[in-house]
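A.B. asks: Got a structure here, written out as structure tokens. Questions coming.
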Amino acid sequence: MPHRPMIPVLISFIGGILIGHIGLSHYQSLILPLFLLITSIMIASFLIPTRLRFPCFLLLFLLAGVLLVLTTNHPSDLLPLAQERKRVIMEGTVLKPPKIAGNIARIEVRAERLFFQGQVKQLKEKVLVSIFNHVRDFSPGERIRFPARLRPFKNFNNPGRYNYELAMKQRGLSCAVSVSDGRHIIPMGRGQPGLHREIIETARGPIRNLFRERLSPQNQALFRALILGEKQGIDPELREPFNIAGVGHILAVSGLHIGLVAWLAFLLSRWFLSLFYSLTLKTDIRRLAAIITCFPVVAYTCLAGFQISSQRAMIMVLAYLFSIILGREKEVWSTLALAAFIVLALNPYALYGISFQLSFTAVIGILWLGPVIYKRIPFPPDQTRQKNIFYRLYLYLSGLIVVTLSAIIFLLPITSFYFHRVSIVSIAANLMVVPILGIWIIPLGLLSSLSLPFSSFMANLFLQMGAWGLEWMIGIIRFWAHFNWAAFWVVTPNVFEIILFYALIFFGLFIMHRPWAKVGLSLVLILILADISYWIYETRFNQHLRVTYLDVGQGNSTLIQFPGKKRMLIDGGGFARGEFDLGRMVVAPFILQLKILRIDYIVLSHPQSDHMNGLRFIASHFQPEEFWYNGDKVETPSFKELMKILEREKIKILLPAGLSDKRDIAGVKIKILHPLTDRKGTRSFDRRTGLNNNSLVLKISYQGKSLLFPGDLEKHGEEMVISNAGPVLESDIMLAPHHGSKSSCSKPFLRIVNPDICIISSGSGNYFGFPHPDALRRLRNIRCRIIRINKKGAIRLSLGQNKFKIKHFLD
């Protein structure tokens, strides 16, 4: 048996979870055979030689991981109805306070009764409810009844995507629910959230009210996040400085917060116990202090809502405290493996969670790189200085620098993969923010919470003192975040590149002591050089024209990669309501995973949200030279914001008159076919037909192939472009006008374009019913191959060397 058996056990368990999720998650019939197989192996392990027992145990944990995934996948009664977008009446209990943004509120509800087709069905599933218009606040534990439309969670199927479906599954949510008007929600009195939720909410409710009544909106939102684990009040504008400064992790109650509470509780407990001289002679007060510390750790986790991130942090801290109690605190690797095993045993899908990966990878980085970095810090030779307060402060700051630097370096590929940004000021900001948070804000916030049942005056006093610290912390964060160079966006590493990064660190640490490390390091460096060479060729010297139609739901967005290094983005998708920035969360990650940091040309077909809103982020962060659009103006906040960004970034705006001549970019011909003259002046956003029919229409030609981008043209607009362009419209590939609506794809237009391939970009199960059956029928009548992005995912066309290739992301 190895020296640290928990590590290979954990690896086997994780292997089983991966096998179960990737290959066997839908085979529920395997549960019984797997159970019998595990039982047989357990019995056989007592009969086989001792040297074979540990490999046998590893096999057991591998199979246990598979079985756990299969048993976790409970069948949902709501999901089949959600797949068909059914309308139902639902009754359930609110589990968390709502997140309200404008006229939209989102709440987690435990669905308990379903009214559908005259039948009543009992349920016990969690759903995410979105309420549009006339929203109001809801209290956890409140029972409500409401008419709803069910829909499944769906990913945007592009390379580099965030797996939204898996993230919702990790949170235990079955499907999404839409309520068109908050006035349709009927209060039904007090629900039954469960005994533990009822107890927790009894404590959290008064504290939440105290924060709301005594603090400014900004401070109450931050205190709710830091003490109660409720991030509903943290809007993007408030969050952004934290992200730029590299301290966004403090907004979620996780390992840092639980660890700070445990550290303070342990120090105070040990100091208090040391006052009893006889006790110090009879027992190890460190173990006793560790036992006492478990209680405030569990209490803070419950106060923070017992959410996934705080649960995981609690398990990690408790595992370490128990190692102290057992006298095994030096076995940090085994303790870490045990904590990870417990977290995954409770929820195997935590393995795919960003917070799980960040937490455990950060600890590994601190344990692995920390000692190496610490050895390189200079210390005064005179050991008598240890009693000097300045020397102790030096030791504290040195330790904080080592921990921060180790975590940042080791997390670099993971943070780049998920967040696509690196903060230059992260170390400095964390050095200043973490002490204020741990010594001032969290302790005073918790003291305020503890004193509230006994004295509202003392609770408010502690809270206001904590608010002063919070103001200091926010000031420091905004100071570091205001520099233009504070953070920069980075290309997204793929899995192979992440492995190379950690292999480089691994062999680099052992190169001075192990001969095989030199061979491994040389191989890794060769692979890194080959990877860099490949991407330099792909982004600067590839002579193919590559066109990618992105999956942006109900909207359009297309990336054009010209031969060489020039790129163009035609439309950026977007949603009319809500805070979700499709440009930042969907379009930009796709571009960054292609190792692209610059978009030279941005094209807006017409200023409607499903084409325009995603372009704001691209215009701000990808340094475009030119912005092409049809000249129409609308009085919407998103359009005004886009125009301000163009002015701020000094991006050249070109209207149809300035684009009348055919453009040539790296041998690719681009022709604007409609509108032929500027159409300036303000148009009402509600006059959708006018905006649609004035869409900028582009034709792109290269090596005998042509692509048409007609925007949202409808029948009248199609007639205008036919009269103006005529036979020039003929193209091999066409993006369906107006997402394949009934009023588009008219017979005359399709006859003159005569496409071989028609690509339709429309959200799955969209409200408008796109693509319309009539449009699909007209496309089939011309024997056109129809490709729907919402079914196939992002579609990439590659033209070059007289070859033409199509690649589907989901294939």
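The values are calculated or read from the model by the stated rules, or taken from the named source; none is laboratory data. This one's a predicted model, so the numbers in the text were calculated from it and none came from an experiment. Cβ coordinates were reconstructed from backbone atoms using ideal geometry, including for glycine residues, and neighbour counts include every protein chain displayed. Areas reflect the complete protein model, heavy atoms only, side chains present, ligands, DNA and RNA absent. Shrake-Rupley method; radii C 1.70, N 1.55, O 1.52, S 1.80 Å.
A.B. asks: Give me the percent of the accessible area of region 454-496 that comes from carbon and sulfur atoms, probe 1.4 Å, all protein chains in place.
C.D. replies: Numbers: 1880 of 2510 Å².
Summing carbon and sulfur atoms, their accessible area is 75 percent of the total for region 454-496.
A.B. asks: Shape call for region 84-171 from the C-alpha gyration tensor, a ≥ b ≥ c root eigenvalues: rounded (a/c under 1.5), prolate (a/b greater than b/c) or oblate? Walk me through the numbers on the way to the answer.
C.D. replies: On the way: a/c = 1.75, a/b = 1.27, b/c = 1.37.
Oblate, since a/c reaches 1.5 and b/c is not below a/b.
A.B. asks: I've got another one for you. Over region 474-587, what is the relative contact order in whole percent, taking alpha-carbon pairs under 8 Å and six or more residues apart?
C.D. replies: Relative contact order here is 13 percent.
A.B. asks: Largest first and in whole Å, what are the equivalent-ellipsoid semi-axes of region 697-811 based on the Cα gyration tensor, each being the root of 5 times an eigenvalue? Before the final figure, lay out each step's value.
C.D. replies: Details: eigenvalues 86, 78, 24 Å².
Ellipsoid half-lengths, sorted descending, are 21, 20, 11 Å.
A.B. asks: Straight-line reach from Lys169: which lysines have a Cα under 24 Å away, not including same-chain ones fewer than 8 places off?
C.D. replies: Lys86, Lys96, Lys99, Lys121, Lys124, Lys126, Lys154, Lys231, Lys791, Lys792
A.B. asks: Quick check: Cα centre of region 22-85 to Cα centre of region 260-333, how many Å?
C.D. replies: Answer, in whole Å: 35.
A.B. asks: What is the calculated FRET efficiency for Asp181 to Gln623, with r their C-beta to C-beta distance and R₀ = 51 Å, to the nearest 0.05?
C.D. replies: 0.75
A.B. asks: Explain nothing, just compute: Karplus ³J(HN,Hα) = 6.51 cos²θ - 1.76 cosθ + 1.60, θ = phi - 60°, for every residue of region 245-259 in order, whole Hz, x for Gly and Pro.
C.D. replies: 6, x, 10, x, 5, 6, 7, 10, 5, 8, x, 4, 5, 5, x
A.B. asks: Give the accessible surface of the chain per residue, rounded to a whole number of Å², with probe radius 1.4 Å and ligands, DNA and RNA excluded. Spell out each step's value before the answer.
C.D. replies: On the way: 38720 Å² over 811 residues.
In whole numbers, the chain has 48 Å² accessible per residue.
A.B. asks: Using only the alpha-carbon atoms, how far is helix 515-536 inclined from the longest principal axis of the chain? Give it as 0 to 90 degrees, nearest 10.
C.D. replies: 30 degrees
A.B. asks: Still on this structure, I have one more. At q = 0.15, 0.17 Å⁻¹, what log₁₀ I(q)/I(0) does region 769-811 have when each alpha carbon counts as one equal point scatterer in the Debye sum?
C.D. replies: Here the Debye-derived log intensity ratios amount to -0.51, -0.63.
A.B. asks: On to the next question. Under a point spin-label approximation (7 Å from Cα along Cα-to-Cβ), what is the Asn133-Thr283 distance to one decimal in nm?
C.D. replies: Between Asn133 and Thr283, the label points sit 6.5 nm apart.
A.B. asks: Could you calculate the FRET efficiency of Asp664 with Lys565 from 1/(1 + (r/R0)^6), where r is the beta carbon distance between them and R0 is 22 Å, rounded to 0.05?
C.D. replies: Numbers: r = 16 Å, r/R0 = 0.70.
Computed FRET efficiency for Asp664 and Lys565: 0.90.
A.B. asks: I'd like the Karplus ³J(HN,Hα) series for region 696-713: coefficients 6.51, -1.76, 1.60, θ = phi - 60°, whole numbers in Hz, and an x wherever there's a Gly or Pro.
C.D. replies: With the stated coefficients, region 696-713 comes to 5, 10, 10, 10, 10, 10, 7, 6, x, 10, 9, 10, 10, 10, x, x, 10, 4 Hz.
A.B. asks: I've got another one for you. Over region 426-510, with a single point scatterer placed on each C-alpha, what log10 of the ratio I(q)/I(0) does the Debye formula yield at q = 0.14, 0.15 1/Å?
C.D. replies: The calculated log intensity ratios at q = 0.14, 0.15 Å⁻¹ are -0.70, -0.74.
A.B. asks: Ok, one more. So which GluC sites (Glu not before Pro) in region 578-677 end up in coil per DSSP with only 15 or fewer other C-beta atoms within 10 Å?
C.D. replies: On the way: sites: Glu579, Glu625, Glu626, Glu635, Glu641, Glu647, Glu649; in loops: Glu579, Glu625, Glu635, Glu649.
Passing sites in region 578-677 are Glu579, Glu625, Glu635, Glu649.
A.B. asks: Cα convex hull of region 479-621: how many Å³ per residue? List each step's numbers first, then the result.
C.D. replies: Details: hull volume 21.1 nm³, N = 143.
Taking the convex hull of the Cα positions in region 479-621, it is 148 Å³ per residue.
A.B. asks: Here is a further query. Counting only DSSP beta bridges with both residues in region 514-571, what percent are antiparallel, rounded to the nearest 5? If you can, show how the numbers build up before the last one.
C.D. replies: Numbers: 8 of 8 bridges.
That works out to approximately 100 percent antiparallel.
A.B. asks: Turning to a different aspect of this structure: Please give the direction-averaged projected area of the C-alpha convex hull for region 111-241, in square nanometres with one decimal.
C.D. replies: Numbers: hull surface 43.1 nm².
Approximately 10.8 nm², given one-decimal rounding.
A.B. asks: Amide H of Phe306 versus every other amide H placed in the peptide plane: which residues, excluding those fewer than 5 positions away on the same chain, fall under 5 Å?
C.D. replies: none
A.B. asks: Over the chain, what is the relative contact order in percent, taking alpha-carbon pairs closer than 8 angstrom and at least six residues apart?
C.D. replies: Numbers: 1450 pairs, mean separation 64.9, N = 811.
Reported relative contact order: 8 percent.
A.B. asks: Here is a follow-up. Could you check the simple spin-label distance between Tyr162 and Trp485, using points 7 Å along Cα→Cβ, in nm with one decimal?
C.D. replies: 3.0 nm
A.B. asks: Where does helix 285-303 land angle-wise versus the long Cα axis of the chain, in degrees 0 to 90, nearest 10?
C.D. replies: The answer is roughly 30 degrees.
A.B. asks: Moving on. Give, rounded to the nearest 20 debye, the magnitude of the charge dipole that the chain has about its Cα centre when Lys and Arg contribute +1 at Cβ and Asp and Glu contribute -1 at Cβ.
C.D. replies: Details: 92 positive and 51 negative charges, 165 e Å.
Using only the charged Cβ atoms, the result is roughly 800 debye.
A.B. asks: Please work out, to two decimal places, the log10 of the ratio I(q)/I(0) at q = 0.12, 0.16, 0.17, 0.24 Å⁻¹ from a Debye calculation in which every Cα of region 383-472 carries one identical scatterer.
C.D. replies: Log10 I(q)/I(0), no solvent term: -0.60, -0.83, -0.87, -1.06.
A.B. asks: Shifting gears a bit: Out of region 56-136, which trypsin sites (Lys or Arg not before Pro) are coil in DSSP terms and have no more than 16 other C-beta atoms within 10 Å? The partial results should precede the final answer.
C.D. replies: Working: sites: Arg85, Lys86, Arg87, Lys99, Arg106, Arg110, Arg113, Lys121, Lys124, Lys126, Arg136; in loops: Arg85, Lys86, Arg136.
Taking region 56-136 and a limit of 16 other Cβ atoms within 10 Å, the loop trypsin sites (Lys or Arg not before Pro) found are Arg85, Lys86, Arg136.
A.B. asks: Next up: What list of ³J(HN,Hα) values in whole Hz, one per residue of region 463-475 in order, does the Karplus curve 6.51 cos²θ - 1.76 cosθ + 1.60 (θ = phi - 60°) give from phi, with Gly and Pro shown as x?
C.D. replies: Karplus-based 3J(HN,Hα) across region 463-475 equals 5, 5, 5, x, 5, 4, x, 5, 5, 4, 4, 5, x Hz.
A.B. asks: Counting only protein heavy atoms and a 1.4 Å probe, tell me what percentage of region 142-295's accessible area is made up of carbon and sulfur. Mind showing how you got there, number by number?
C.D. replies: On the way: 4360 of 7310 Å².
Its accessible area is 60 percent carbon and sulfur atoms.
A.B. asks: Let me ask another. Rounded if a/c is under 1.5, else prolate if a/b beats b/c, else oblate: with a ≥ b ≥ c from the C-alpha gyration tensor eigenvalues square-rooted, which is region 152-204? Working shown, then result.
C.D. replies: Numbers: a/c = 3.61, a/b = 1.61, b/c = 2.24.
It comes out oblate by the Cα gyration axes.
A.B. asks: Over region 534-587, what is the mean sequence separation of C-alpha contacts under 8 Å (at least six apart), divided by residue count, expressed as relative contact order in percent? Before the final figure, lay out the partial values.
C.D. replies: Numbers: 82 pairs, mean separation 15.0, N = 54.
Rounded, it is 28 percent for region 534-587.
A.B. asks: Residues of region 335-375 with the amide nitrogen closer than 20 Å to a label point 7 Å from the Cα of His26, along Cα-to-Cβ, please.
C.D. replies: So the set is 349.
A.B. asks: In whole angstrom, how long is each semi-axis of the equivalent ellipsoid of the chain, when you take the square root of 5 times every eigenvalue of its Cα gyration tensor and sort them from largest down?
C.D. replies: On the way: eigenvalues 498, 205, 177 Å².
Taking √(5λ) for each Cα gyration eigenvalue gives 50, 32, 30 Å.
A.B. asks: Using R₀ = 56 Å, calculate the FRET efficiency as 1/(1 + (r/R₀)^6) where r is the Cβ-Cβ separation of Lys644 and Glu331; round to 0.05.
C.D. replies: 0.45
A.B. asks: Past 24 Å, Cα to Cα, is the threshold; run Lys650/Lys705; Lys662/Lys747; Lys565/Lys699 against it and keep the listed order.
C.D. replies: Numbers: Lys650/Lys705 34 Å; Lys662/Lys747 28 Å; Lys565/Lys699 20 Å.
Beyond 24 Å: Lys650/Lys705; Lys662/Lys747.
A.B. asks: Run down the aspartates and glutamates and flag those whose C-alpha is under 14 Å from the C-alpha of Lys805, throwing out any fewer than 8 positions away in its chain.
C.D. replies: Partners within reach: Asp732, Asp756.
A.B. asks: Quick one: go through region 573-601 and flag any residue whose amide nitrogen is under 20 Å from the point 7 Å out along the Cα-to-Cβ line of Asn542.
C.D. replies: Within reach of a label on Asn542, which here means backbone N under 20 Å from a point 7 Å along Cα→Cβ, region 573-601 contributes 586-601.
A.B. asks: A further question follows. Put a dot 7 Å past each Cα toward the Cβ at Thr71 and Lys154; how far apart are the dots in nm?
C.D. replies: Using points 7 Å along Cα→Cβ, the separation is 3.5 nm.
A.B. asks: Which percent of the accessible heavy-atom area of region 44-110 goes to carbon and sulfur, probe 1.4 angstrom? It would help to have the intermediate numbers written out before the result.
C.D. replies: Working: 2130 of 3350 Å².
After summing per-atom areas, the C and S share lands at 64 percent.
A.B. asks: Note down the Stokes-Einstein diffusion coefficient of region 199-299 in µm²/s, whole number, using a Kirkwood radius over alpha carbon pairs, 20 °C, and 1.002 mPa s.
C.D. replies: Values: Rh = 15.9 Å.
Roughly 135 µm²/s, to the nearest whole number.
A.B. asks: A further question on this structure: Hand me the chymotrypsin sites (Phe, Trp or Tyr not before Pro) from region 744-796 located in a DSSP loop with no more than 12 other Cβ atoms within 10 Å, in residue order please.
C.D. replies: Working: sites: Phe749, Tyr767, Phe768; in loops: Tyr767, Phe768.
When the chymotrypsin sites (Phe, Trp or Tyr not before Pro) of region 744-796 are filtered for loop state and at most 12 Cβ neighbours within 10 Å, Tyr767 remain.
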